[in-house]
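Report on the structure given below.
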Amino acid sequence: MKIIRAEHLGMCFGVKDAIALALETARREPLTILGDLVHNETVLAELRAEGIRIGQKPAEIGTQTVMITAHGASERRMGETRKLGLNVLEATCPLVHVAHRSLARLVQEGFHPVIIGKRDHVEVRGLTEDLDEFDVGRGEVDVANLRERSRFGVVSQTTQAVDKVRRLVQLIRGRFPKSEVRFVDTICQPTKQRQNAAVELAQKCDAVVVIGGAHSNNTHELVKTCSRICRRVHHVQTAADLRAEWFCAKDNVGITAGTSTPDSVIAAVEETIRGLAVKSGEFSKAIYS
Ligand code: SF4
């Protein structure tokens, strides 16, 4: 069995910086993070082990200092938190700020805002909570439900798949030929690199293992991207989820990981697959012959 890592995989700079800021702050003073800093249980458990609290709503903040996650937040939400007399520390990724600024500019210029993304995702909530009127969606049915406007301003959640976003923008243009549709590409570079590398990986592998949290949007996008090319794609959160019967003795097995997956988890998955390779010959005939 050959194990191949994607050229780009795992934790992005935005997540690494947010974790570093949380740990550095927690060494000086008690800290609560508002929401999941990243959608990865391993990372969250490590933060809790350092004494950092994680609250899902303002009522659960038990410290004077509260951190906004890398996914960002609306001005309204940050204002409400400051009104409680708390120190607000922002770990918002600079590339999420780019999406906020792009959207604000489109609205200022009179475009009706459309956000391609997951409606209830924390990043999308941060993008939309300051707006009076907007549309959010990530599928053809959402485009079909749009009402005609003279000008549409479209941005994307930073972790959406490039192909899908471009296809939806084309659909909007096709559905409203008389409207001006301005698209600002706000998908972040680390997401694009991981998606492109995942395509290359899936093309040369018999099986692909995608490592990432159950609620990580970019991990789910990597699973979908690989599944379009490779028949055997498995999503795991940690090495404990791996199953010997997924692999054959002579497989090329690809490994990729979402932007919130720590290096230690990727290394553990790779090592476990190496261990399973010994057993895999027994299972391969039954499953894949
Ligand atoms: S996935 Fe992209 S936008 Fe999100 S934290 Fe990482 S670099 Fe920033």
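Would you mind getting the Kirkwood hydrodynamic radius of region 1-98 from its Cα pairs, rounded to one decimal in Å?
It works out to 14.2 Å.
R0 = 22 Å: FRET efficiency of residue 104 with residue 83, Cβ-based, nearest 0.05?
It comes to 0.50.
Return the long-range amide H neighbours of residue 180 (sequence gap of 5 or more, or a different chain), with a cut-off of under 5 Å between placed amide H atoms.
Amide H neighbours of residue 180, under 5 Å, 5+ apart: 151, 152.
Taking all protein chains together and a probe of 1.4 Å, list 222, 86 from the most accessible to the least accessible.
The ordering from most to least exposed comes out as 86, 222.
Pairwise over distinct Cα atoms, reciprocal of the mean inverse distance: report the Kirkwood radius of region 112-165 in Å, one decimal place.
The Cα-based Kirkwood calculation yields 11.5 Å.
Taking H as built 1.01 Å from N, whose amide H comes closer than 5 Å to the amide H of residue 232, not counting residues under 5 places away?
Under 5 Å from the amide H of residue 232: 208.
Reachable lysines from residue 83, Cα under 30 Å, same-chain residues fewer than 8 places away excluded?
Cα-Cα hits under 30 Å: 16, 57, 118.
What is the sum of charges, Lys and Arg at +1 and Asp and Glu at -1, for the other residues whose Cβ falls under 14 Å from the Cβ of residue 135?
+2
How much accessible area per residue does the chain have, counting only protein heavy atoms and a probe of 1.4 Å, in square angstrom?
Per residue, the chain has an accessible area of 48 Å².
Region 45-200: Rg/Rh from Cα coordinates, Kirkwood Rh?
Expressed as Rg/Rh, it is 1.03.
Compute the distance from the alpha-carbon center of region 217-265 to that of region 58-79, in whole Å.
Here the answer is 33 Å between Cα centres.
Could you give me the ³J(HN,Hα) list for region 226-235, computed from phi with Karplus coefficients 6.51, -1.76, 1.60 and θ = phi - 60°, whole Hz, x at Gly and Pro?
Listing the rounded values in order: 5, 5, 5, 10, 10, 6, 10, 10, 10, 9 Hz.
Measure nothing fancy, just the Cα-based angle from helix 13-28's long axis to the longest principal axis of the chain, in degrees from 0 to 90, nearest 10.
Once rounded, the angle reads 80 degrees.
When the accessible area of the chain is split by element with a 1.4 Å probe, what percent falls to carbon and sulfur?
Summing carbon and sulfur atoms, their accessible area is 48 percent of the total for the chain.
How large is the accessible surface of residue 60 in square angstrom, using a 1.4 angstrom probe and rounding to the nearest 10?
Roll a 1.4 Å probe over it and residue 60 shows about 90 Å².
Once the cut-off is 28 Å, how many percent of the Cα-Cα pairs in the chain end up in the long-distance tail?
Cα-Cα pairs in the chain separated by more than 28 Å: 44 percent.
Taking only DSSP H segments of four or more residues, each worth -39500 (n - 2.57), what value at 222 nm results for the chain once the sum is divided by all its residues, to the nearest 500 deg cm²/dmol?
After summing the helix terms and dividing by residue count, I get -14000 deg cm²/dmol.
Sum up the charges of everything whose Cβ sits under 14 Å from the Cβ of residue 126, counting Lys and Arg as +1 and Asp and Glu as -1, but leave residue 126 out.
Taking every other residue near residue 126 into account, the sum is -2.
Over region 28-92, what is the mean sequence separation of C-alpha contacts under 8 Å (at least six apart), divided by residue count, expressed as relative contact order in percent?
36 percent
Order these peptides, 24-30, 180-186, by their mean beta-carbon neighbour count within 10 angstrom, highest first.
Those peptides, ordered most packed to least, come out 180-186, 24-30.
Between 0 and 90 degrees, rounded to the nearest ten: what's the tilt of helix 189-203 against the longest Cα principal axis of the chain?
30 degrees
Multiply the residue separation of residue 162 and residue 264 by 0.36 nm, subtract the distance between their alpha-carbon atoms, and state the gained length in nm to one decimal.
33.9 nm
With label points built 7 Å along Cα→Cβ from the Cα atoms of residue 175 and residue 250, find their separation and express it in nm.
A separation of 4.9 nm, rounded to one decimal place.
What FRET efficiency would be calculated for the residue pair residue 5, residue 49, taking the C-beta separation as r and a Förster radius of 25 Å, to the nearest 0.05?
0.35
Excluding residue 69 itself, what net charge comes from residues whose Cβ is under 11 Å from its Cβ, given Lys and Arg +1 and Asp and Glu -1?
Cβ neighbours under 11 Å give a net charge of -3.
Taking the inverse of the average 1/r across all pairs of different Cα atoms in region 77-141, what Kirkwood radius in Å do you get?
Averaging 1/r across every pair of different Cα atoms and inverting gives 13.2 Å.
List the aspartates and glutamates whose Cα lies under 20 Å from the Cα of residue 178, skipping any in the same chain that are fewer than 8 positions away.
Straight-line reach from residue 178, under 20 Å: 109, 135, 140, 142, 148.
Please compute, over every Cα-Cα pair in region 170-289, the percentage with a separation greater than 20 angstrom.
That tail contains 49 percent of the Cα-Cα pairs.
So who's got an amide H within less than 5 Å of the one on residue 255, skipping anything under 5 residues away but keeping other chains? H placed 1.01 Å off N, in plane.
HN-HN under 5 Å from residue 255: 4, 5, 6, 209.
The values are calculated or read from the model by the stated rules, or taken from the named source; none is laboratory data. No experiment lies behind these values; they were computed from the predicted model shown. Glycine also receives a Cβ, built like all others from the backbone with ideal geometry; neighbour counts cover every protein chain displayed. Please note that ligands, DNA and RNA were not included when accessible areas were found on the heavy atoms of the full protein model with its side chains. Shrake-Rupley method; radii C 1.70, N 1.55, O 1.52, S 1.80 Å.
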